[in-house]
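The structure appears below as C-alpha cells.
The values are calculated or read from the model by the stated rules, or taken from the named source; none is laboratory data. The structure presented is a predicted model; accordingly, all values stated were derived computationally and were not measured. Here the Cβ positions follow ideal geometry from the backbone for every residue, glycine too, while neighbour counts run over all protein chains shown. The protein model used for the area step is the full one, side chains on, heavy atoms only, and it has no ligands, DNA or RNA in it. Shrake-Rupley method; radii C 1.70, N 1.55, O 1.52, S 1.80 Å.
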Amino acid sequence: MQSELKEKIEQRENTYNRVTELLISYLALDISSEQLDPDTPLFGVGLEFDSIDAIEIIISLESEFEIVLDDGESASFLRTINSLVDEVMRRKEVELDERN
Amino acid sequence: MKGTEVGYNAIRNSVAFTEESDLCCLQLTGKQAFDVFDTVCPCDVFLQDGQMKYTLLLNEDGTPFADIYVCRKGEDAYLLGYGPNVDTLIDWITEHSAENTDFSIIDLSKTYAPLALDGPYAWELCAEVLGPDILGLPYLGMKVSDEVLVFRAGQTGEYGYHLLVPTDQKNAWLEKLHTAGSAFEMAHANEAARAQCALENFFFDINREGQYGLTPFELQLQWRLSAQKAAYPGAEAIRTRRQSGWTRRLTCFSTPDPVKVDTAVVCDDEVVGHILAIGYSPVRGDYVGKALLRRPYWHAGLDVFQVQGCPLKTLSPPAVDNLSWNISPYNDSFHTREKENGS
C-alpha cells in the first residue's frame, strides 16, 4: 500500500476511533466501539439519540477536536458516525488552510 | 425506465405512491404474541403502545432471513416484513416459537391491501386523506385511522408511510389518494424507483445485498441486534462472529460510469473487494452503490479505487441530501414550497 494512502487511512481511523469513544463516554452508551458500525444512524433508528444528545455530541466534538460545529449551517452531519467523522475532518482541514 | 425516473423524482421532491406487493403484513394475537417476538427477534422487544421497532429475523448461520418491523398497538402485535413470502414467514415464526403455545398468526394480506406513500410531502397528503392527527405520528409510530392501519416508516430517506387499507375499500382509497394526490404532483413509484432511493440512503435490501450470505456485521446492521440478548435464532453464529471478528464491510461508493454487480474493486492493482449493488442516481448524476471491501480499505472518504478502469470513491451515506431532512410538517407545505425556497 502506498504510504500516502496508508497515512490517509490511518488519519480516518484515528478520527473515527476518537469520535466513537467520545460518543460512548459522553452519552454513557452500554456498548463497545466494535458494536458500533460507521454508518449506523444516530437519530430515529440506530442509536436512537434525541435533541439533547445532539447538543452533547456537538459540545463534546468541539471540545475534543478544537473546532466549531454549531455555526448555523445544516446539521446534516449528525446523521451517522461516519458523517460526524467527515465533518470533523472537513472542519480541521478548513482551519488548517486558514492558518496557512 | 422513464416510469422509474418519474417515480424516483416524486419520492425525492413531492410524494410517490406504491402498491407494496412484496410487504408481508402479519398480526399476532393471543397472550403470548409478544413472547413470540421476544423468542424470534435478535433485539430487545420492549414496545410502547403505538411504537415500532426495526430489526431482523436471522437464519441459524446469522444471515438475515427477513427484514422486519415489529409493532405494538394496544394488545395487538404486528409484524411487517420483507424477504420471504408470507406463508414461508408464518411457517418460520411458528417453527421457531414452539415453546409459545398461546398465540395465532393472522395474514393481514387477506383482509388489507398494503400501500405506501413516500416523499418530502407524504405527511401532507396523508393528513389530507386521513386527517390532521396524522401529523403527530412520530417516526416509527403506528396508529389506526378511519379503519386504515398507518405505520410511519420508510426506506427512501424521505417521509414514509405504510398504509394497510381494508381490501374491500382499496379502490375507494386509491381514488381518494389519486384525487388528493394530484395537487401534490403525486406519481406512481415502481420497485426500481424505491430500490434506488433505498440504495442512495444505504438502507438494507434483503433482495440485493441480503443474498450474499453476509451477517449483520458485514452489512453494518449491528444496531438491529441486541448486544446483550443471548437466545434467538442465529444467536450462536452471531456470538461466534462477534468473537472472531470480521474482515469485510459493506461500504457506500460513487462512480461516474455504470459498472456491473460482482465486479472487482481494485486499489494499486490489488483486488480489495467487489460491487454488490449499483444504480444511477438522477439527483447526483452519477452511480452510487454498495461494495464489500476488506479492511483497511472499507473506510469512507477514500478516492483511490478503480472498477473496470473507472474511478470509484467511498463515501458516507446518505449519498444525497434528503429534502425531508429540512422539511417540517409544522412549518412547510408543498403548496408554498417554491416561495419558501426562493425560486
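Filtered by the rule that a residue be within 16 Å of B:GLY157 (Cα to Cα) and touching a residue at least 12 places away in the same chain (Cβ under 8 Å), region A:37-50 gives A:ASP39, A:THR40, A:PRO41, A:LEU42, A:PHE43, A:GLY46.
Scanning region A:67-80 for residues that are in contact (Cβ under 8 Å) with a residue 24 or more places away in the chain and more than 9 Å from chain B (Cβ to nearest Cβ) yields a count of 2.
Out of curiosity, is B:THR55 of a type in the set (Ser, Thr, Tyr), surrounded by 19 or more Cβ atoms within 10 Å (Cβ to Cβ) and farther than 25 Å from B:VAL150 by Cβ? Working first, answer last.
Working: of a type in the set (Ser, Thr, Tyr): yes; surrounded by 19 or more Cβ atoms within 10 Å (Cβ to Cβ): yes; farther than 25 Å from B:VAL150 by Cβ: no.
No.
Is it true that B:LEU250 is closer than 24 Å to B:LYS290 by Cα and out of contact with any Leu (no Cβ under 7 Å at 6 or more places or on another chain)? So B:LEU250 does not fit the description; no.
Give the residue, chosen from B:ALA33, B:ALA66, that is open to solvent by less than 10 Å² (accessible area, probe 1.4 Å) and more than 20 Å from the chain's Cα centre (by Cα).
Answer to the selection: B:ALA33.
Of the candidates B:PRO311, B:PRO296, B:PRO256, B:PRO282, the single residue that is more than 12 Å from every other protein chain (Cβ to nearest Cβ) and either out of contact with any Pro (no Cβ under 8 Å at 6 or more places or on another chain) or among the basic types (Lys, Arg) (or both) is B:PRO282. Can you give me the number of residues within region A:81-100 that are facing another protein chain (nearest Cβ under 9 Å), free of Cβ contacts under 8 Å to residues at least 40 places away in the same chain and open to solvent by 20 Å² or more (accessible area, probe 1.4 Å)? Residues in region A:81-100 being facing another protein chain (nearest Cβ under 9 Å), free of Cβ contacts under 8 Å to residues at least 40 places away in the same chain and open to solvent by 20 Å² or more (accessible area, probe 1.4 Å): 1 in total.
Within region B:135-151, if we keep just the residues that are part of a loop (DSSP other than H, G, I, E, B) and among the hydrophobic types (A, V, I, L, M, F, W, C), the residue that is surrounded by the most Cβ atoms within 10 Å (Cβ to Cβ) turns out to be B:LEU137. Residue selection: B:LEU302 fails the criterion of being in contact with a strand residue (DSSP E or B) (Cβ under 9 Å, 6 or more places away or on another chain), open to solvent by 10 Å² or more (accessible area, probe 1.4 Å) and either farther than 19 Å from A:ARG12 by Cα or within 14 Å of chain A (Cβ to nearest Cβ) (or both). Where strands (runs of 3 or more DSSP E) sit wholly within region B:1-116, those with at least 1 residues that are closer than 23 Å to B:ALA230 by Cβ occupy B:24-29, B:52-58, B:64-73, B:76-82.
A count restricted to region A:23-36 and to residues that are touching a residue at least 24 places away in the same chain (Cβ under 8 Å) and within 11 Å of chain B (Cβ to nearest Cβ) stands at 1.
Counting only residues that are farther than 23 Å from B:THR94 by Cα, more than 13 Å from chain A (Cβ to nearest Cβ), more than 14 Å from the chain's Cα centre (by Cα) and part of a loop (DSSP other than H, G, I, E, B), region B:194-246 holds 2 of them. Can you pull out every residue in region B:113-145 that is away from chain A (no Cβ under 14 Å) and at positive phi? Scanning region B:113-145 gives B:GLY119, B:GLY131. Looking across B:GLY50, B:GLY7, one residue alone is crowded, with 16+ Cβ neighbours inside 10 Å, on the phi > 0 side of the Ramachandran plot and in contact (Cβ under 8 Å) with a residue 60 or more places away in the chain. It is B:GLY50. The set of residues from region A:18-51 being in a helix (DSSP H, G or I), over 22 Å from A:ASP70 (Cβ atoms) and not charged (D, E, K, R) comprises A:SER33, A:GLN35. Would region B:90-104 turn up any residue that is touching a strand residue (DSSP E or B) at 6+ places or on another chain (Cβ under 6 Å) and either within 14 Å of another protein chain (Cβ to nearest Cβ) or open to solvent by less than 10 Å² (accessible area, probe 1.4 Å) (or both)? The answer is no; no qualifying residue exists.
Applying the condition of being open to solvent by 40 Å² or more (accessible area, probe 1.4 Å) and within 13 Å of the chain's Cα centre (by Cα) to region A:12-54 and asking which residue is farthest from B:LEU219 (Cα to Cα) yields A:TYR26. Within region B:218-258, being aliphatic (A, V, I, L, M) and surrounded by fewer than 19 Cβ atoms within 10 Å (Cβ to Cβ) holds for B:ALA227, B:ALA230, B:ALA231, B:ALA235, B:ALA237.
Note on region B:314-335: residues that are open to solvent by 30 Å² or more (accessible area, probe 1.4 Å), away from chain A (no Cβ under 13 Å) and closer than 20 Å to B:VAL283 by Cβ total 1.
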